[in-house]
Ligand code: AHR
């Protein structure tokens, strides 16, 4: 294998390897958004979903959910508690999102909005473990408020851990109190931000050093119908002004059951931008194009009513980048970020296709480019098993001078192996490609879960040599979906699995990470008998140079069951350092997986090896292995 270190084929974009975030599989609520109380404002379909009532006296008016829709549209419901006599037990217990993950010795911050015309009713808290044992207590001070709402808060420390804890709120004394926005957060959020995100999950993203983060999806951008589409303006500002909606992944059936899946938007567009900034990723928001999910209703906005959708796109650019004196820039500043978020691109539509998509897209493109000529628009090209939809739309979108075309492929591992040359013949001029959602779908299904095994990951690694080799046209790529909760998933496979206390990366996670951490700055040829290595003898090879770190980085995937040895010869470079860093990822069997018990069963191992001649290395690739060789110039 000859690597031509001085023949720079193309740049590798800083955005090349990124992440795709969607609130699917409890990715946001119950996942990265660290709120522990489910249905904190009683707005779920059934107002007391997630809450159990304990009452040892009969008074059917003790707990009432009231609705003030006309006065407070985003947050209409609240709970009225009335206790007529001082005796008797009255309590409500929140079950959390599949339980609450509680850590011994950690501080928990409780808060709520309340209204109590006259003092009388008191509120105490008990954190319960899996066996209903108390592992934390606190009393909430709720002095009389008169007619207005007040906030009350208390912090306390958990005396023990629990994977499926719960929070009980007991009412003592007598009187009446209104409650809303009942909240419990751990203190160990990412960057210690109150009301923030789960640090272990964000850390997993930060560890990938992703070039971009795409949000908020996925199908949730589209909604089952347009009333349930994602509307970013309803996800910013004060929490109680963010109107929740049912999640598009709210399912009733079998093991995928999540009839309690809503989007409360505690993780909203401001937080997404902030997350992108924190992890050094370029933000890539995707907006609804005036079409609902085409797998469902296919509801369309008539073209002459598309203006509000287009205005949302224009306003989002102002929200992200506008001066603090602009309408939307001012809102960003009020949320604590006067500096711009440097948004340079946006997707219009997710998996939308057909003439209806194209005619809507044209209107978006016209309006956005008129105001922001350099702003890049990511266009959808749908998804389908034959790739035919990509082909026809690709031609049409290229003719429209699309900036970046988003292609999705969820296919079996053999498809990924066979398609490592997919972009070799794509035109280099004009529209670029975003491999916006992809994952190898292994045939192996256990307990209803398509396995995140090494079979899928090694095929993805092989395919990605083709993305890297074609960095001239492929400017971005991201695996999907990103997160899944072990007790609340709807889609498999996924990149990172979590439960209430732990998270682990799958073999595919480590493949993504190795590419991202070793993306280099320029593609160089890696040839065997003068040709790109894209499956000959089941080997897949690509190479980049990193002009900053002065390294030549060669990626080698052996997708066969045989050990294979090759000479790797670097041409066009001065004498290389004799010591070569070798990182390998692999497993003896294709069926290996990572798990909560063995989170790093398939994970990278780094060692040093030595050149076997001048700028030459004799490398032996283990069966089913992925290797990253770093040669120092
Ligand atoms: O990643 C899961 C789903 O797959 C996304 O929401 C959608 O875009 C695609 O169909």
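The values are calculated or read from the model by the stated rules, or taken from the named source; none is laboratory data. Please read these numbers as outputs of a predicted model, since none were measured by experiment. Using ideal geometry, Cβ is built from the backbone for each residue, glycine included, and neighbour counts are taken over all protein chains shown.
Quick notes on this one:
- In region 601-625, of all residues being within 28 Å of the chain's Cα centre (by Cα) and in contact (Cβ under 8 Å) with a residue 60 or more places away in the chain, the one that is nearest to residue 3 (Cα to Cα) corresponds to 625.
- Within region 470-481, residues that are closer than 11 Å to residue 16 by Cα have Cβ atoms under 7 Å from residues that are assigned to a loop (DSSP other than H, G, I, E, B) and within 15 Å of the ligand (Cβ to nearest atom) in these pairs: 476/18; 478/18, counting only partners at least 6 apart in sequence or on another chain.
- Condition check for residue 338: exposed (fewer than 15 other Cβ atoms within 10 Å of the Cβ) and part of a helix (DSSP H, G or I): no
- Within region 422-434, considering residues that are crowded, with 16+ Cβ neighbours inside 10 Å and more than 19 Å from residue 482 (Cα to Cα), the one nearest to the ligand (Cβ to nearest atom): 433
- Restricting region 233-252 to residues that are within 16 Å of the ligand (Cβ to nearest atom) and farther than 20 Å from residue 42 by Cβ, the residue that is surrounded by the most Cβ atoms within 10 Å (Cβ to Cβ) is 248.
- Of the residues making up region 425-436, at least one is touching a residue at least 60 places away in the same chain (Cβ under 8 Å) and under 30 Å from residue 601 (Cα atoms).
- All positions within region 50-67 that are in a loop (DSSP other than H, G, I, E, B), touching a strand residue (DSSP E or B) at 6+ places or on another chain (Cβ under 9 Å) and at pLDDT below 95: 56, 57, 59, 61, 62
- Test: residue in region 523-539 that is surrounded by fewer than 24 Cβ atoms within 10 Å (Cβ to Cβ), closer than 26 Å to residue 283 by Cβ and away from the ligand (no atom under 16 Å from the Cβ): yes
- Consider region 13-45 and keep the residues that are over 23 Å from the mean Cα position of the chain (by Cα) and farther than 28 Å from residue 448 by Cα. The one that is farthest from the ligand (Cβ to nearest atom) is 42.
Residue-by-condition table, conditions (1) in a strand (DSSP E or B); (2) within 23 Å of residue 509 (Cα to Cα); (3) in the same structural domain as residue 469 (by TED's automatic domain parsing):
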residue: 541; (1), (2), (3): yes, yes, yes
residue: 555; (1), (2), (3): yes, yes, yes
residue: 560; (1), (2), (3): no, yes, yes
residue: 569; (1), (2), (3): yes, no, yes
residue: 576; (1), (2), (3): no, no, yes
residue: 589; (1), (2), (3): no, yes, yes
residue: 631; (1), (2), (3): yes, no, yes
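- Of 461, 457, 471, all but one fail to be away from the ligand (no atom under 16 Å from the Cβ), assigned by TED's automatic domain parsing to the domain that holds residue 626 and in a loop (DSSP other than H, G, I, E, B); the exception is 471.
- Qualifying position, being over 23 Å from residue 546 (Cβ atoms), touching a residue at least 12 places away in the same chain (Cβ under 8 Å) and within 15 Å of the ligand (Cβ to nearest atom), among 484, 418: 484
- Region 214-232 - residue that is buried (at least 18 other Cβ atoms within 10 Å of the Cβ) and away from the ligand (no atom under 16 Å from the Cβ) and, of those, modelled with the lowest pLDDT: 226
- Evaluating residue 377 against the criteria (1) surrounded by fewer than 17 Cβ atoms within 10 Å (Cβ to Cβ); (2) more than 16 Å from the ligand (Cβ to nearest atom) leaves one unmet condition, (1).
- Selection over region 157-169 of residues that are buried (at least 17 other Cβ atoms within 10 Å of the Cβ) and in a strand (DSSP E or B) gives a count of 7.
- Restricting attention to region 390-414, the residues that are assigned to a helix (DSSP H, G or I) and either under 18 Å from residue 348 (Cβ atoms) or within 16 Å of the ligand (Cβ to nearest atom) (or both) add up to 7.
- Subset of region 494-512 [within 22 Å of residue 211 (Cβ to Cβ) and either assigned to a loop (DSSP other than H, G, I, E, B) or more than 15 Å from the ligand (Cβ to nearest atom) (or both)]: 494, 495, 503, 505, 506, 507, 509, 510, 511
- Residue within region 220-234 that is in contact with a helix residue (DSSP H, G or I) (Cβ under 7 Å, 6 or more places away or on another chain) and part of a helix (DSSP H, G or I) present: yes
- Only one of the numbered conditions (1) touching a helix residue (DSSP H, G or I) at 6+ places or on another chain (Cβ under 7 Å); (2) within 16 Å of the ligand (Cβ to nearest atom); (3) not in a loop (DSSP other than H, G, I, E, B) is not met by residue 347, and that is (1).
- Of 172, 145, 137, all but one fail to be within 25 Å of residue 85 (Cβ to Cβ), part of a loop (DSSP other than H, G, I, E, B) and touching a strand residue (DSSP E or B) at 6+ places or on another chain (Cβ under 7 Å); the exception is 145.
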